[in-house]
1. When the residues of the stretch 386-444 are filtered to those that are surrounded by fewer than 18 Cβ atoms within 10 Å (Cβ to Cβ) and among the polar types (S, T, N, Q), which remaining residue is farthest from Leu316 (Cα to Cα)?
2. For the stretch 498-515, which residues satisfy the criterion of being touching a Ser or Thr at 6+ places or on another chain (Cβ under 7 Å), closer than 30 Å to Ser340 by Cβ and outside any loop (DSSP other than H, G, I, E, B)?
3. Since Glu403 meets every condition but one in (1) in a loop (DSSP other than H, G, I, E, B); (2) among the charged types (D, E, K, R); (3) out of contact with any Gly (no Cβ under 8 Å at 6 or more places or on another chain), which condition does it not meet?
4. For Ser174, are the conditions met, namely being small (Gly, Ala, Ser), touching a Lys or Arg at 6+ places or on another chain (Cβ under 8 Å) and crowded, with 18+ Cβ neighbours inside 10 Å?
5. Filter the stretch 349-374 for residues that are part of a helix (DSSP H, G or I) and either buried (at least 18 other Cβ atoms within 10 Å of the Cβ) or among the basic types (Lys, Arg) (or both) and give the result.
6. Residues in the stretch 226-245 that are within 12 Å of Glu33 (Cα to Cα), of a type outside the set (A, V, I, L, M, F, W, C) and surrounded by 15 or more Cβ atoms within 10 Å (Cβ to Cβ): how many?
7. Restrict the check to the stretch 130-140 and report whether at least one residue is within 26 Å of Pro101 (Cβ to Cβ), in the same structural domain as Asp83 (by TED's automatic domain parsing) and touching an Asp or Glu at 6+ places or on another chain (Cβ under 8 Å).
8. Could you say which residue among Lys107, Lys46 is without any contact (Cβ under 8 Å) to a residue 12 or more places away in the chain and of a type outside the set (A, V, I, L, M)?
Amino acid sequence: MRNAYLALATTLLLFSCVQQEQEDIHLVFRYNESKGITSLDPAFAKSLPLIWPVHQLYNGLVQLSDSLTVEPCIARDWRISGDGLMYTFYLRTDVRFHDSPAFPQGKGRKVVASDFVYSFERILNPQVASPGAWIFSVLDVQKAGTSSGCMAENDSTLTIYLKKPFPAFLGLLSMPYAYVVPFEAVQFYGKDFRRNPVGTGPFCFQHWSEGEKLVLRKNQHYFETDGMGNQLPYLEAVSVTFIADKQSEFLEFLNGKSDFLSGVQSVSRDELLTRSGTLNPRYNDRIRMITGPYLNTEYLGILLDATIEGVANSPLRDVRVRRAMSYGFDRSRMMTHLRSNMGYPAHNGFIPKGMPGFPSELQGFNYNPDLARRLLTEAGYPGGSGLSPITICTTSDYVDIFEYIQHQLGEVGIPVNIEVFPGAAYRDMMANSRLMLFRGSWVADYADAENYLSLFCTDNFSPSGPNYTHFTSSEYDKLYGEALFCPNDEVRFRLYRQMDSLIIDHVPVIPLFYDKVVRFTGKDVVGLGTNPMNLLTLKKVRKINRTNKLNDHDIDSR
C-alpha cells in the first residue's frame, strides 16, 4: 500500500509541477547536469554535480557567504572554548524537516540538537561508507559521555569536542557532509533514502526520474528570510535535466530552454567568448556572464626526495634551476592565448585567489627571462649548456599548456620534454612518487588556506597523504603547528603568508594559474552570483517575467 500511495502521489505531484512550469516559467529555475546525479543523500555529496542539488535540499549548522565567511544557519550562534577544543552551538527553534511519509501524518517535525548527533555519527559509521567521514577525524570520539565527540545538551544546544585545536573546523561544518538528516526518513527509506531526500533546505524533493529529470519545489516552511523580512526562496521550483551531450546542452541554453550554463566548454568557447575572454557582443541583450575566483590552483609539482631513484642526480635538485623554470614563462600571455583569460595567472603563492587571507602582497613568480638565464648560469648551466632535457608529465587535457611552456623555457636555455599519460595511470604514478615533474591541481575542500598548506607538511608524505613533492622543512612544520593553535584569523593568516612565502623560496611547486568560476544566465535571472567554492545557491534567485521589461540597472539593483 505504501508503494502504491507513493507512486500515486509522485504522479500527481509531477503532473502538477510540469503544469506549473508551463504556466509560470519565470518561477522555475532550469539547469542541466551533463554528468548526471547518483544520489541526493548528503553523506555522498562529494562532487559538484551532487553537491548542487543537495545544497538546495539541506542545511547545516553554519553556511558560507559568497565571500566565504562562516555565517549562522540552523545554529543561530556558537561559542568556542579558549583552548579551541569545545564548540557549543545554539540552534534556532523554528527549523522544520520537510513533510514526508516518514513522519506521523506526513508532517515534518522540528530539528533538534540530537538530529545533528545522529547525522554526524551516521557519517562516521563505516557501514554507511561515506566519503566525507574524514571531516570528523578531528572529533574527540573518546570524550566521556559521548559516542562520537558530540552531545545534545538539550533540544537547542549542541556541544562538539575536538581532540586537538583546528581553526578551520567551522569551515568543515559548512560542507554538505555535515548537513542534518532525520533518522525517521533514513530508517523509513533505507537504501532508497538516496532518491527520497528529506532535509530542511529552501527546496523540497518533488520527483526524480533518473537520467531524465529532477524536480524540486519551494519549501513553504523555510526559516530564512531576506534583508526585508521576505521569506525565501523566491522561486517556486528547480528543474534539472541530464543531457550528456555538451553541444545539445549548449543549444538548449541558447534556445532559452535552460537558464544556466556553468563553465566554458570547447563546443561553446568560440561562440560565447571573445579572444580576450569577454562575452561575445552579439549576446549582450540575451545573456549575462558572471565570473569570479574559484578555489583551484594549477601547478607543476617537483619530486624532491633524494632517496628516490633518479631524484638525487636530477638538475631539479638545484633550487636555482627550479626558480629559473618558474621565471621562464609568461603566465599572463599563457592565460590570454590558451585559456581566453578563464583563470588568473599565478603571480603570488600557492594559496589561490578568492581564499580568505589570500596573500595579494606576496611576490611569487612573474615572467623574467633575464633572471631565468642568470639563475641557470649560477647553477652551472650557462645558456643551458650541459643541462639535460627535463620531462614534464601530464594528461592530454593540458598538452597545449605545456607545449607553450616548453617553447618559452627553450628560449631561456631549459630543454623540456612532455610525456602524456592516461588519467588513472597518471594519478597512481603521482601518488606513488614515480613522477619527477608533474602537473597537479588542488581544489579546496573547505574555505581555509590550511587545506592548501597541509600539502607541504612532512607528515603528509604520499601515498598516505597529499605531499606528492616530499617537501620537508622544520621551519614550515613549526609554522603550520602554530597556525593550528591560533584562533585569531588575522594572526593565523599572517602565519599562512609566511608558509606560502617558504613555498616560493624552496619551489617544491611552480604555480601556473588560479582557476575562475564562469557562469552564463539569461538576462531574466536575478540574484545568482558566484563564490570561490562554486556552490550553486538558488534561495535568493529570482526570474523576472519576460513580459516585464527591466533595464540592467533595475535587475542588478534587485
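The values are calculated or read from the model by the stated rules, or taken from the named source; none is laboratory data. Keep in mind that this is a model prediction, so the values were computed, not measured. Counting neighbours? That spans all protein chains shown, and the Cβs are built from the backbone with ideal geometry, glycine included.
1. Once the filter is applied, the top-ranked residue is Ser396.
2. Val509, Ile510, Pro511, Tyr514
3. (1)
4. Criteria not met by Ser174.
5. Correct list: Ala372, Arg373, Arg374.
6. Qualifying residue count for the region: 2.
7. no
8. The conditions single out Lys107.
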